[in-house]
Amino acid sequence: MTAKVAYADVEVGTELPAQVFTVTRATLVEYAGASGDFNPIHWNEKFAKEVGLPDVIAHGMFTMAEAGRVVTDWAGDPGAVVEYGVRFTKPVPVPNDDEGATIEVSGKVAVKLDDNRVRVDLTATHAGQKVLGMSRAVVQLA
């Protein structure tokens, strides 16, 4: 583990650089292939609408992973994340166009813990609505 951020250099309230992630139908196909999650709600618009969704939706784990990138990019090492969890609160509908959907993610240090660890709270939104709740990571800093 080689976190680039030093524990002494952060305070409660330290903001992580916010990021915006774009997800398109092509992204969903790529993720489905990599993850093995071929649930038709992620690629079949007709099926998604038949089960009450507004459109095909991004995989929850994809959304979670993109949010986690804010933490790993900030820490400088994915191995520095020792805990990470979220609640899936709203789906991210992905239109069938060249624009796709965006997921906006911000984070801040919420608590300084023992042993050079911090808890980072993340906010992930799409179209102004939170798509992840209780999104938190514990990060081992240098």
Margin query: Restricting to Cα pairs below 8 Å that are 6+ residues apart, what does the relative contact order work out to for the range 4-71? Please round to a whole percent.
Written below: 29 percent
Check: What full-extension length gain, to one decimal in nm, is calculated for Ala65 and Asp9 as 0.36 nm per residue of separation minus the Cα-Cα distance?
Finding: 17.6 nm
Check: Can you list residues whose amide H is under 5 Å from Gly133's amide H, if they're 5+ apart or on another chain and H is modeled 1.01 Å from N?
Finding: Arg87, Phe88, Thr89
Notebook entry, point to check: Against the longest alpha carbon principal axis of the chain, how many degrees, from 0 to 90 and to the nearest 10, is the axis of helix 60-75 turned?
Noted result: 30 degrees
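In whole percent, and with a 1.4 Å probe on the protein chains, what portion of the accessible area of the chain is carbon and sulfur?
51 percent
Measuring with a 1.4 Å probe in the full set of protein chains, what accessible area per residue, in whole Å², belongs to the chain?
Each residue of the chain exposes 53 Å² on average to a 1.4 Å probe.
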Item checked: Burial order of peptide ranges 97-103, 4-10 (average beta-carbon count within 10 Å, highest first) -> 97-103, 4-10
Next item on the list: Grab the Cα-Cα distance for Ala34 and Asn116, subtract it from 0.36 nm times how many residues apart they are, and report the gain in nm with one decimal.
Entry: 26.1 nm
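The values are calculated or read from the model by the stated rules, or taken from the named source; none is laboratory data. In this text the structure is predicted, and so the values were computed from the model without any measurement. Cβ: placed from backbone, ideal geometry, glycine included. Neighbour counts: every protein chain shown. Areas reflect the complete protein model, heavy atoms only, side chains present, ligands, DNA and RNA absent. Shrake-Rupley method; radii C 1.70, N 1.55, O 1.52, S 1.80 Å.
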